[in-house]
1. When ALA120 is evaluated against the numbered criteria (1) more than 17 Å from VAL12 (Cα to Cα); (2) buried (at least 18 other Cβ atoms within 10 Å of the Cβ), which criterion, by number, is the only one it fails?
2. Among the residues of region 21-32, is there at least one that is open to solvent by less than 30 Å² (accessible area, probe 1.4 Å), under 29 Å from LEU127 (Cβ atoms), at pLDDT 90 or above and among the aliphatic types (A, V, I, L, M)?
3. Select from region 98-131 the residues that are of a type in the set (Gly, Ala, Ser) and modelled with pLDDT of 90 or more and list them in ascending order.
4. Anything in region 71-106 that is touching a helix residue (DSSP H, G or I) at 6+ places or on another chain (Cβ under 8 Å) and in a loop (DSSP other than H, G, I, E, B)? List them, or say none.
5. Mind listing whichever residues of region 48-66 are buried (at least 17 other Cβ atoms within 10 Å of the Cβ) and either touching a residue at least 60 places away in the same chain (Cβ under 8 Å) or within 20 Å of ILE111 (Cα to Cα) (or both)?
6. Is at least one residue of region 43-56 under 16 Å from ASP10 (Cβ atoms), modelled with pLDDT of 85 or more and assigned to a loop (DSSP other than H, G, I, E, B)?
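The values are calculated or read from the model by the stated rules, or taken from the named source; none is laboratory data. All of these numbers come straight from a predicted model, not from anything done at the bench. A quick note on method: Cβ atoms are made from the backbone with ideal geometry, for glycine too, and the neighbour counts reach across all protein chains shown. Each accessible area value is taken on the protein alone, full model and side chains, heavy atoms only, with ligands, DNA and RNA left out. Shrake-Rupley method; radii C 1.70, N 1.55, O 1.52, S 1.80 Å.
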Amino acid sequence: MAFIDPENGDSVGISFSHLTKSCQMYEEMGEARFKVLKDGTYGGLLGYSLDTGKSIYVHDINSHPAAHGIPPGHDPVDQFLSVPVLYNEDILGQIVAGNPEEDYTQKSVEIAEKIADIYAVILKELLYNEK
């Protein structure tokens with residue numbers, strides 16, 4: 001799970017599971033920060049739902065035009081699911097998952113989108129309605 005930092009637009013991952021050794025540092029730091037690019041996009045498959053506002057799942061990440069590889073040392077990712085966290089039209093975050101035990105389906109997306117709806121309300125309150 002990630003949120004968009006309202007101060008600089010970075011995508012900040014805050015929940016991790018099944019980490020690789022090279023990604024363990026994010027768990028220790030408490031976040032993984034993915035900088036927004038100069039053109040306002042995030043790029044790649046990881047940034048696809050943030051850039052488009054659309055949910056996706058793919059069974060072969062190399063077949064998706066936005067895919068550009070994974071970081072060195074990262075476990076291979078065969079399947080990928082990404083859902084933007086939307087509050088009205090604003091993208092406040094993202095839910096990402098990979099390598100499920102069973103293939104992703106449209107039902108997987110629908111479940112993640114329902115979770116994203118709840119997460120959006122929480123992010124709106126925490127990030128934009130601070131006192």
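1. Failing condition for ALA120: (1).
2. No; the residues of region 21-32 include none that is open to solvent by less than 30 Å² (accessible area, probe 1.4 Å), under 29 Å from LEU127 (Cβ atoms), at pLDDT 90 or above and among the aliphatic types (A, V, I, L, M).
3. Selection gives SER108, ALA112, ALA116, ALA120.
4. PRO71, PRO72, GLY73, HIS74, VAL77, ASP78, GLN79, PRO100
5. Residues satisfying the conditions are TYR48, SER49, LEU50, SER55, ILE56, TYR57, VAL58.
6. Quick first cut of region 43-56, residues under 16 Å from ASP10 (Cβ atoms) only: 43-44, 46-47, 49-51.
Okay, now just the ones that are also modelled with pLDDT of 85 or more, so 43-44, 46-47, 49-51.
Adding the requirement that they be assigned to a loop (DSSP other than H, G, I, E, B) leaves 43.
Checked against the condition, which is being under 16 Å from ASP10 (Cβ atoms), modelled with pLDDT of 85 or more and assigned to a loop (DSSP other than H, G, I, E, B), region 43-56 yields at least one hit.
One line per residue, one yes/no per condition, for (1) open to solvent by less than 60 Å² (accessible area, probe 1.4 Å); (2) over 14 Å from the mean Cα position of the chain (by Cα); (3) among the hydroxyl-bearing types (Ser, Thr, Tyr):
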position: LEU81; (1), (2), (3): yes, no, no
position: TYR87; (1), (2), (3): no, yes, yes
position: LEU92; (1), (2), (3): yes, no, no
position: ASP103; (1), (2), (3): no, yes, no
position: GLN106; (1), (2), (3): no, yes, no
